[in-house]
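The values are calculated or read from the model by the stated rules, or taken from the named source; none is laboratory data. Just so it is clear, the model here is predicted, and its values are computed rather than measured. Here the Cβ positions follow ideal geometry from the backbone for every residue, glycine too, while neighbour counts run over all protein chains shown.
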Amino acid sequence: MRTGLFHLLFNILTAAAALSLAPWFVALVTAAPGGGNPARAIANGHLLFNVMGVLLTVGFVPRIARGLELLVPDSAGPSSRARSTGHGQAPATPDPALSAANDQ
């Protein structure tokens, strides 16, 4: 859930930045190699969009992680990522892991 929420927020932030810088963003995309080809321009734009998003968020990763942990706390229910064998430890081999999952 946290990953999906972060992805949504990442895309909203990056889209807002790209739209606010639209003239420069379009100029950079079309000036890139192959920018005259529409398919290549779309690929260049997508790459630039993601690089811009990473540059905007990389310095804030610890703060973002804390914020997401507050917004989406760990779940102790059956959808929890770390399933236990009942002894507090996850199975070490695939066969016990599958049988433990089937028993639940």
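Being in a helix (DSSP H, G or I) and over 30 Å from GLY67 (Cβ atoms) is the filter here; which residues of the stretch 1-33 pass it?
PRO23, VAL26, ALA27, LEU28, VAL29, THR30, ALA31
Surrounded by 11 or more Cβ atoms within 10 Å (Cβ to Cβ) and at pLDDT 90 or above: does that describe ASN50?
On the way: surrounded by 11 or more Cβ atoms within 10 Å (Cβ to Cβ): yes; at pLDDT 90 or above: yes.
The answer is yes for ASN50.
What are the pairs with Cβ atoms under 6 angstrom where one residue, in the stretch 1-25, is within 30 Å of ASP74 (Cβ to Cβ) and the other, located anywhere, is of a type in the set (Phe, Trp, Tyr) and modelled with pLDDT of 90 or more? Sequence gap at least six, or different chains.
THR14/PHE49
Table: residues versus (1) on the phi > 0 side of the Ramachandran plot; (2) at pLDDT below 90; (3) exposed (fewer than 10 other Cβ atoms within 10 Å of the Cβ).
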{"site": "HIS7", "(1), (2), (3)": "no, no, no"}
{"site": "ALA17", "(1), (2), (3)": "no, no, no"}
{"site": "TRP24", "(1), (2), (3)": "no, no, no"}
{"site": "LEU28", "(1), (2), (3)": "no, yes, no"}
{"site": "ARG66", "(1), (2), (3)": "no, no, no"}
{"site": "GLN89", "(1), (2), (3)": "no, yes, yes"}
